[in-house]
Structures are given as structure tokens and as C-alpha cells.
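Below is one structure, written out as C-alpha cells; the observations come after it.
The values are calculated or read from the model by the stated rules, or taken from the named source; none is laboratory data. Bear in mind the structure is a predicted one, so any value in this text is a computation, not a measurement. Cβ atoms come from the backbone with ideal geometry, glycine included; neighbour counts cover every protein chain shown. Accessible surface areas use protein heavy atoms only, side chains included; no ligands, DNA or RNA. Shrake-Rupley method; radii C 1.70, N 1.55, O 1.52, S 1.80 Å.
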Amino acid sequence: MRIAWFRHAHTDAANPLDGTAALVDELRRTHDIDVIVEAKSHDFVWQQLQRPWDLCVFELDNTPAHQFIWGYLPNYPGVVLLHSIDIANLRVAALASRASVVADRGFADRLKQRFPDANLRYAPPFAGQPRSVRHGDDAVLRTDNEPDTAAARPVRFAVYDTRARGGQLIDRAFERARSAGAMFDVLEQEATSVELERSDVVIAPAWPPFHSSLTPLLAAMAAGKAVITSEMEATAEWPAIDPQTWRPRGLAVADAPLAVTVDPRDEEHSLMLAIRRLSADAVLRDQLGRAAREWWEAHATPAQAASAWTAILREATSLAPPPRPDDWPKQFLLDGTELARDIRTEFGLASHVYEPSSDPGSRSSHS
């Protein structure tokens with residue numbers, strides 16, 4: 001299958017925080033995928049006319065870099081991957097697409113309630129494995145950066161939090177932990193994949209639910225890091241530790257804990273407790289990192305996500321473009337051919353030029 005995959009940037013398989021890159025690499029084993037970024041998107045229309053793709057995939061998030069995608073999504077109905085509930089015109093994205101894909105079951109349920117006519121599909125969350133991670137049955141998971149000096153330096157924390165208030169809250173938790181005697185280093189806020197590799201503990205709240213991707217959290221687990229995140233629906237079934245008691249959450253938990261989960265109602269205090277304990281307890285950090293890695297291998301690899309995506313893509317090619325509601329926003333009724341239609345009308349020709357969504361494969365038709 002030939003697929004045009006619209007996204008904000010070229011895929012970077014070396015960056016574990018570019019979650020979709022690992023998925024695209026997996027899907028390329030069986031599909032011919034062209035990544036369409038803004039710089040080359042203007043060539044898409046004539047290329048689609050000359051040699052149509054079988055399906056378009058649109059990767060959406062609430063950032064300026066994703067805005068160009070709106071010029072194509074309504075006119076070439078395909079599959080939309082929704083990273084956040086904060087996406088503007090979420091209704092248009094869901095109802096204009098043959099299938100809308102999310103990586104959170106709670107998010108899918110919420111969208112189904114809001115848009116009952118949308119074809120919603122769930123694909124499991126995933127993250128790629130950092131290339132620097134070395135893993136063997138009896139080896140300690142660690143990065144290649146300073147492999148033998150971790151015990152001789154303070155524990156390093158990396159933070160992945162996109163909330164406006166998140167940085168201040170986490171900073172206060174760090175200060176309270178230091179005031180209580182904890183020794184550690186904090187890598188730069190808005191950490192990159194480099195900080196992920198250098199860290200010992202990763203704080204990735206992923207809160208509130210559905211507003212940000214789980215990719216940083218899952219990438220840390222893939223790297224065998226001890227992780228601190230929020231207690232929420234997406235993590236409710238994980239075997240986790242409550243930092244208030246340092247006991248497993250739940251009544252009957254047999255598996256080894258893989259994360260420390262913080263109650264959002266007591267976030268700053270609970271986060272401070274987690275920072276204090278993990279900055280001093282190397283054994284617990286190692287146990288959490290190993291369990292997190294094992295959980296990632298069993299549940300969140302790109303290959304597992306690709307299996308679900310393959311079925312979704314196959315289904316989408318068999319579906320007709322969904323009908324547009326009568327109250328469709330006017331700006332999404334435009335397809336870029338208005339001037340050409342006017343010129344043809346002046347010459348007494350049929351106004352039909354090109355209907356990009358005229359058949360299931362988004363193939364062109366000519367007058």
C-alpha cells in the first residue's frame with residue numbers, strides 16, 4: 001500500500017521522543033510510506049493527480065507546526081492520528097476522516113461520546129528503544145554515557161512536562177526534597193532525548209489525561225529508567241508504588257512495580273517524597289527500571305503498535321469518504337480549486353475540476 005503520511009517534521013528514528021518515527025519504520029516493512037512535511041506539501045496535489053496514493057494519514061497535535069495539515073485533511077479523507085484532545089477543530093478532524101486513531105482508551109471513549117458518527121479506533125501506545133541502551137539477560141540496563149561512574153555522582157532527574165504550571169510545581173518539589181537533605185542533579189527542563197539517555201530517573205506526569213502524549217514516559221521505560229508519573233486511567237492497571245506509603249497500589253498486585261505514580265490531588269508533596277526516595281535508593285531505581293523495561297517489551301513496542309495499525313489502514317482503504325454534516329465550517333469547504341472553477345465557468349466549461357475525495361482511495365477524477 002502506498003501511503004502519504006502528513007506530519008510536522010521528518011521522522012527521526014534515532015530520537016526516542018519522536019514516537020511516530022518508530023511506527024513508520026515498522027510499517028515500512030510492508031507499506032510504501034512517503035512522509036509529507038510542510039516544505040514539500042505543495043507538491044502533493046500534482047503528485048496525487050499523476051500517481052495517487054492509496055491512503056493519506058494525518059498526524060495532528062495542537063502546535064503551529066501541524067497547522068498546514070488542515071489544508072489537506074478535509075479534502076483527502078484518510079486516517080487521522082490524534083495526539084491530544086486540545087486540537088482545534090477536533091470535530092472536523094474526526095468527522096472528515098475514514099478513521100480517527102488514538103492511543104488511549106479513555107480518550108477514545110470521550111471522543112465517541114462527543115462524536116458518535118465518527119469511526120474511532122484504538123491503537124496501543126508505544127515508544128521506540130533508545131539506540132544507546134544495551135540490554136542483556138544478566139546485564140544492568142544503562143546508557144553508554146558514563147557507564148561506570150553512576151554510583152560516584154548524584155542521581156540525575158530528567159523532566160518531561162508540557163503544562164504551563166508544571167515546571168513551577170516540579171521545581172518546588174525539587175526544592176523541598178533538597179531542603180530535606182536529598183542529593184541529586186536536575187537536567188534541563190524540556191529535556192531532549194540526550195537528557196533521557198543521561199538521566200537515572202524520569203519525571204513525566206502526562207497530566208491532565210488526553211492533553212499530551214505518553215511517548216516520553218514510554219521512552220523512559222524502554223530505556224530502563226525509573227519513572228515517576230501520575231495516577232490516572234492510562235496507568236491504573238500498571239503495578240505501581242504509592243509514594244505516600246511505598247506500598248503497591250491496589251489490593252492484589254503480584255507483579256513487580258514498574259513506576260511510582262503520584263496522586264494529582266497531592267502532586268507536589270507526593271512528588272517530593274518520590275524524589276527523596278529515588279535519589280537515595282539505587283536498588284529501588286534498578287528494580288523499577290528493569291520492571292519498566294520488561295513491561296515495555298511486553299506491551300508497548302513499535303512492532304505491537306504496527307500490528308494494530310496495519311488492520312486500521314487496511315480497513316480505511318475499504319471505506320468511502322464520510323459525508324459532511326450540513327453545518328460544516330465554511331473554511332473547510334474550500335479545496336483550493338475555486339479560482340480554476342471560476343476561469344472554466346468564464347469559458348463556458350463545466351465547473352468541475354477535481355474532487356480530491358471522490359473515491360475511497362482519494363484518487364483523482366477529471367472532467
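Once you keep just the Cα pairs under 8 angstrom separated by 6 or more residues, what percentage relative contact order results for segment 163-265? Can you show the working numbers first?
Values: 105 pairs, mean separation 20.7, N = 103.
Relative contact order, segment 163-265: 20 percent.
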**Report entry** Largest-first ordering by accessible area, 1.4 Å probe, given options Trp53, Trp46
**Finding:** Trp46, Trp53
**Report entry** 18 Å reach of a label modelled at Asp326, 7 Å along Cα-to-Cβ, counting backbone N of segment 87-122
**Finding:** 117
Report task. Convert each backbone phi in segment 160-170 into a coupling constant with the Karplus relation 6.51 cos²θ - 1.76 cosθ + 1.60 (shift: θ = phi - 60°), then list the ³J(HN,Hα) values in order as whole Hz, x for Gly and Pro. Result -> 10, 8, 9, 5, 5, 8, x, x, 5, 5, 5
**Report entry** Spin-label zone in segment 189-231 - amide nitrogen under 18 Å from a point set 7 Å from the Cα of Ser179 along the C-beta vector
**Finding:** none
Report task. Quickly work out the Tyr122-to-Asp43 label distance, labels modelled 7 Å from Cα along the C-beta direction, and quote it in nm with one decimal. Result -> 4.0 nm
Query raised in the report: Length gain on complete extension for the stretch Leu349 to Asp286, per 0.36 nm per residue less the alpha carbon to alpha carbon distance?
Result: 15.4 nm
Query raised in the report: For segment 45-58, in order, what is each residue's ³J(HN,Hα) by Karplus, 6.51 cos²θ - 1.76 cosθ + 1.60 with θ = phi - 60°, in whole Hz (x at glycine and Pro)?
Result: 4, 6, 5, 5, 5, 6, 8, x, 6, 6, 7, 10, 10, 10
Report task. Determine how large the accessible area of Leu273 is when every protein chain is in place; take a 1.4 Å probe and give Å² rounded to the nearest 10. Result -> 40 Å²
Report task. Determine the per residue accessible area of the chain with all protein chains present and a 1.4 angstrom probe, expressed in square angstrom. Result -> 47 Å²
Requested in this report: Please give the residues of segment 201-225, grouped as numeric ranges, whose backbone N is less than 13 Å from a label point set 7 Å along the Cα-to-Cβ vector of Thr162.
Outcome: 205-217
Requested in this report: Among Gln50, Trp5, Leu95, flag the residue with its Cα farthest along the positive direction of the charge dipole of segment 1-135, charges on Cβ as +1 for Lys/Arg and -1 for Asp/Glu.
Outcome: Leu95
Query raised in the report: Applying the Karplus parametrisation 6.51 cos²θ - 1.76 cosθ + 1.60 with θ = phi - 60° to the phi angles of segment 342-347, what ³J(HN,Hα) value in whole Hz is obtained for each residue in order, glycine and proline being reported as x?
Result: 4, 5, 5, 5, 4, 8
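Calculate what fraction, in whole %, of the accessible area of the chain sits on carbon and sulfur atoms when a 1.4 Å probe is rolled over the protein chains. Before the final figure, lay out each step's value.
On the way: 8620 of 17240 Å².
The value for the chain is 50 percent carbon and sulfur by accessible area.
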Query raised in the report: What is the Å³ per residue value for the convex hull set by the Cα atoms of the chain?
Result: 148 Å³
**Report entry** Mean projection area, nm², convex hull over Cα of segment 1-134
**Finding:** 8.6 nm²
Query raised in the report: Order of 37-43, 228-234 by packing, highest average Cβ count within 10 Å first?
Result: 228-234, 37-43
**Report entry** Whole-Å distance, taken between Cα centres, linking segment 194-229 and segment 9-59
**Finding:** 26 Å
